[in-house]
Amino acid sequence: MSGPAGRARRGLSLRARRTLSAYTFLAVPLVFFLAIRIAPAAGAMVISLHRWNIVGTDQPWVGLANFREVLSDRQFWQAATNTLRYAAAGIPAQLVLGFAVALLLRRAARFRGLFRTVYFVPFVTPVVAAAWVWQWMYSPNFGPLAMLAGRLGLPAPALLRTPVLALYAITALVVWEYLGFQVVIFLAGLEAIPRVYYEAAAVDGARGWDLFRHITVPLLNATLVFSVVYATIVYLQLFTQVLNMTFGDPGGPLGSTATVVLYVYTLGFQRFHMGQAAAATVVLFAALLGVALLQLTVLTRRVEY
């Protein structure tokens, strides 16, 4: 068939093929996400409602009993409090330092790529290796901090053995690890702000703090929201850093560094209370979802100039 009708049919067929190809490519990561994320989450919900025995076939239904046991456990609330302390100490430090470094790098005329790479290296460094290096740095026997204290005539600090300081010593590792990621994100956000806004404001007499307050911060809102939500998820799911920094006494000293994920690990793979571990996982998932949605709702601002 020729003529307009034939061309219309061929055009419709081409659009249909393109649409089918698009949905096919979208379906691949969707299936992967469902298999890796959603299916295990649904499985955890099922396990949390049973008295789950990993070596037997008897998994009786207990309803919300696992949740009641977890929520009445003092160790869970200590781990939850510690997790909030990690977030309260680490998120502001990470965001402020990342933003400050990004502003400085934006002003750098030379070697910007080199500095960006140097700051980003900790983010791609294996977490276990980094944790063991920091553990060595903190060692009161042969670590560099102990050697420096000895030269100054001071007692060697036992940071990881002091309940008051251990959590913040681990937080310093996490801030160092994710600082480069935040720097790259803030740099991308800063470079996406059109220069014409600064030039127009400068013509009106705006300088320094006024430019930062009325142009930079508002137009970085999307970047700030992403950074806050991402950092919150990271800190509420801390596990590997804590486990390796307190090797031999997970969550120590005296449980002062334990997190909710470490609590789940202890319940499930050391005490084999899989039902309670799954219940704690569901509680953490609900908390993460609620906090993320709250942050997106409260922090998101639509800015137009």
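Quick check on the stretch 1-123: take the gyration tensor over C-alpha atoms, sort the square-rooted eigenvalues as a ≥ b ≥ c, and tell me if it's rounded (a/c under 1.5), prolate or oblate. In terms of gyration-tensor shape, oblate.
Sort 134-140, 189-195 by the packing proxy (mean of other Cβ within 10 Å over each peptide's residues), most packed first. Present the calculation step by step, with values, prior to reporting the outcome.
Numbers: 134-140: 18.0, 189-195: 13.1.
In decreasing order of mean packing, 134-140, 189-195 become 134-140, 189-195.
Placing unit charges on the Cβ atoms only, positive for Lys and Arg and negative for Asp and Glu, gives the stretch 123-279 a dipole magnitude near 360 debye about its Cα centre.
Order 75-83, 147-155 from most to least packed using the mean count of other Cβ atoms within 10 Å. Before the final figure, lay out each step's value.
Details: 75-83: 19.0, 147-155: 10.0.
Ranking the peptides 75-83, 147-155 by packing returns 75-83, 147-155.
The stretch 167-196 and the stretch 242-305 have their alpha-carbon centroids 22 Å apart. Here the calculated FRET efficiency for ARG106 and ARG207, from their Cβ-Cβ distance with R0 = 22 Å, stands at 0.80, rounded to the nearest 0.05. Overall, the anisotropy analysis places the stretch 12-53 in the prolate class: the square-rooted eigenvalues a ≥ b ≥ c of its C-alpha gyration tensor yield a/c not less than 1.5, with a/b exceeding b/c. Which residues among the stretch 104-120 fall inside the zone where the amide N is under 19 Å from a point 7 Å beyond the Cα of ALA188, along Cα→Cβ? Counting backbone N atoms under 19 Å from the label point, the list is 104-107, 112-120. Assuming charge only on the beta carbon of Lys and Arg (+1) and of Asp and Glu (-1), the dipole of the chain about its Cα centre is about 1140 debye to the nearest 20.
Take the alpha carbon gyration tensor of the stretch 245-305, find the square roots of its eigenvalues, order them as a ≥ b ≥ c, and report rounded if a/c is under 1.5; if not, report prolate when a/b exceeds b/c, else oblate. Cα axes put the stretch 245-305 in the oblate bin.
Give me the extension gain from VAL46 to THR216: residue separation times 0.36 nm, minus the current Cα-Cα distance, reported in nm with one decimal.
Working: separation 170, 0.36 × 170 = 61.20 nm, distance 4.69 nm.
Fully extending the segment from VAL46 to THR216 adds 56.5 nm.
Label positions at THR162 and LEU34, each projected 7 Å from the Cα along the C-beta direction, are separated by 5.3 nm.
Comparing ALA130, ALA188, ALA201 in a Gaussian network model of the chain, where Cα atoms under 10 Å apart are tied by springs, the biggest mean-square fluctuation is seen for ALA201.
Using R₀ = 25 Å, calculate the FRET efficiency as 1/(1 + (r/R₀)^6) where r is the Cβ-Cβ separation of ASP58 and ARG271; round to 0.05. So the FRET efficiency works out to roughly 0.90.
Read-outs throughout are calculated quantities, based only on the coordinates presented, and are distinct from any laboratory measurement. Bear in mind that the values here come from a model prediction, so they are computed numbers and not experimental data. Backbone-built Cβ (ideal geometry, glycine too); neighbour counts: all protein chains shown.
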